[in-house]
Amino acid sequence: MEKTLRLGDILAYYHVRLNAPHLPTPWKIGLLVEEYFNNIHPLRCFAFIHRPSFLQKLDKDVSKRSRNNALLHIICALGGQFYALAYSETVSPVPSKFVLSAGSEWAKVAQRLILETLDTVRNENLMAAVLLHDYAVRMGNFANAFMLSGLITRMAQALQINLEYNTDLLCQNNDYGPSATAKESRRRLMWSCYVMDSLVGSGVDQLTLVDEKDMKIQLPCNERNFMQQIPCFTETLQPGNWLKFIPGELDIGTLLPNMGIMAHFIRHISIRKRVLRYIKHLDEAMVPWNPNSEFATLDADCRAWYESLPASLQFTPDAIYIRKDSSQLGALCVLHCAHYQTVCDLYRLGAPALYKLRAAFDFPPEQQGFLSHLQQILFDAARTLATIVGETCRHGTRMLSDSWLPTITYDSCRIMVYHLTQILDPRLEDTKSITMETLPLLQSNIHALRLMGNLNGISNSLCSAAETMLDRSGIGSEVVAQNSVPDDPYQSIDGAEHASESVPGTPVQSAPDYVLNPLSIFRMARKSIPERHAPEKAATASAPNSARPESNADADPPSTGSTNHVQIPNAVTNEPESCQASLEELQTVFMSDLGWAWQPADTAVGSGIETAGLLPWAGGYSTTQAEPWLPVFPFPQQT
């Protein structure tokens with residue numbers, strides 16, 4: 001009751017207070033900051049602010065700091081959204097667009113302050129920029145988010161926080177260097193920049209600015225040690241490795257317990273980065289059924305990472321309630337969703353018609369069993385994603401507040417619909433039962449996307465697209481038939497026209513647009529740039545000689561929907577027309593609704609830089625070199 005009254009006190013004048021150009025009174029700033037720490041701080045790698053120290057400093061001089069403090073402004077902007085959400089849930093319902101717009105003026109002030117002080121690079125401004133980047137993604141302002149990502153990596157370079165401040169990690173010499181808390185904070189901030197860069201880059205070298213070899217710091221410690229200001233040693237990005245200058249007599253068995261959910265998430269992101277790069281360079285890869293292939297290695301790494309999770313980080317009922325009590329359920333959800341999303345990205349080899357794969361493999365007759373295995377794992381991972389999101393959703397909308405979740409949830413829907421309508425044989429008795437078991441998962445995903453619309457600008461569009469996709473698919477009706485897989489499920493009419501154009505004398509160029517998911521930050525950012533360059537059509541790399549079909553060896557682009565890739569029984573393709581739309585029609589529906597389409601090449605890949613990543617930074621120390629569990633939860637009836 002007390003919290004409701006406090007919320008009412010702030011939100012009774014909703015349009016005036018939360019959309020005002022200036023921050024509210026110090027007491028109300030405290031409430032917004034508290035909401036930020038309870039909801040945004042635990043997610044992904046945003047926990048780089050030491051909460052007790054920040055609150056202590058805020059209490060002392062909030063009036064002096066509030067006007068020209070970018071970090072405080074973006075914290076209040078993010079916290080304001082959750083206050084508006086709480087008001088909508090407990091006092092009086094308000095439209096999702098009003099929840100999203102809460103604090104928008106403060107976010108504008110934060111960005112203005114960051115840009116005005118570019119020549120004064122400080123950790124605090126970098127923190128504000130990282131949070132502002134996530135805010136831009138949350139609001140659907142992808143062009144702003146993309147530009148901020150470049151600014152963030154440059155600020156990190158200038159601060160050199162990719163290096164440990166000194167070798168005294170346990171802060172035994174208090175007269176030299178910052179405190180243990182400040183060191184851990186800067187360390188966490190750098191890892192946050194690494195995660196952001198990896199997600200923006202999506203496995204494309206041209207778009208990736210942070211290289212793992214330059215990350216010469218240990219992983220973040222667990223939240224308990226950070227909160228209680230306890231210095232400790234942890235491992236580096238590579239499992240089993242630690243910084244060279246750590247004393248040799250150290251008991252290495254103490255390192256793993258010092259690492260928490262953030263450290264495990266970072267390690268997964270490093271695997272995901274390799275998976276996405278592999279998918280975008282299939283022309284250089286061995287056939288996936290080779291036991292020594294890149295696919296086999298990445299698959300083993302994904303499984304090894306998942307099996308390394310301690311019991312406290314597994315998605316079990318006990319862990320769910322424990323993490324919920326510590327405001328970390330959202331982070332636990334994203335940790336597991338990231339894993340299964342990466343599994344989907346790796347196993348998309350079995351569904352080239354669903355994804356825009358360059359140099360898609362041709363599976364010969366003797367590898368049809370392997371192809372079926374890929375397709376089944378892809379389907380199982382998508383269903384598991386829906387299960388995790390649905391169970392998390394039961395505990396409240398704010399648990400689904402990570403800005404990555406809408407894309408993950410939508411992709412889960414696409415994979416399930418594709419498998420039910422294009423892979424399963426409708427003549428088999430099990431098909432109907434599998435369809436009926438999967439339908440609640442699709443409905444649960446749509447319900448979650450609808451709720452996410454309060455905290456993420458793109459969720460409502462994705463929810464509408466998913467609903468239309470499910471409706472047009474015919475899933476849930478008496479007859480769900482299959483149709484032929486289209487040649488190019490993403491190609492719009494406009495895109496096809498541009499792809500056929502050729503400018504004499506212009507060299508064929510390839511661009512990141514061509515290999516990225518339409519929902520990637522770069523692709524979404526490009527959509528809002530009116531003067532983007534559009535050279536001749538993209539040149540598509542061919543599959544390896546051992547894998548590509550002879551008839552398509554020189555095709556440009558490859559026919560990713562060929563029935564050589566996905567086996568469709570003749571009896572099925574000859575089925576009469578039914579209420580189920582083909583995949584091409586489905587894609588047309590949700591692409592036309594949202595304006596997404598695969599574009600021809602828009603920029604040249606070549607940049608003149610021979611190696612990707614950050615330029616070598618002076619100083620520092622080198623580091624030493626050296627079947628997924630599926631949770632099962634009952635799904636309540638959707639109303």
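Using the Kirkwood radius built from alpha carbon pairs, what does the Stokes-Einstein equation give as D for the range 196-310 at 37 °C and 0.692 mPa s, in µm² per second? Could the numbers behind the result be given before it?
Numbers: Rh = 15.9 Å.
Rounded to a whole number, D works out at 207 µm²/s.
Annotation for the range 208-278: chymotrypsin sites (Phe, Trp or Tyr not before Pro) lying in DSSP loop with at most 16 further Cβ atoms inside 10 Å of their Cβ are PHE245. Its convex hull of Cα atoms gives the range 91-203 a direction-averaged projected area, equal to a quarter of the hull surface, of 10.0 nm².
Of the listed pairs LYS183/LYS244; LYS216/LYS273; LYS183/LYS216; LYS273/LYS356, which have alpha-carbon separations greater than 25 Å here? Pairs exceeding the cut-off: none. What the Cα convex hull of the range 252-322 gives, in volume per residue, is 121 Å³.
Could you give log10 I(q)/I(0) at q = 0.12, 0.19 Å⁻¹ for the range 96-161, computed by the Debye formula over C-alpha point scatterers of equal weight, without solvent? So the normalised log intensities are -0.30, -0.70. Eigenvalues of the alpha-carbon gyration tensor of the range 33-96, scaled by 5 and square-rooted, set the equivalent ellipsoid semi-axes at 23, 15, 10 angstrom, largest first. Over all projection directions, the Cα-based convex hull of the range 386-442 averages an area of 4.0 nm².
A short reminder: the numbers here are calculations on the coordinates, not readings from a lab. Not measured: the values here are computed from a predicted model. Cβ: placed from backbone, ideal geometry, glycine included. Neighbour counts: every protein chain shown.
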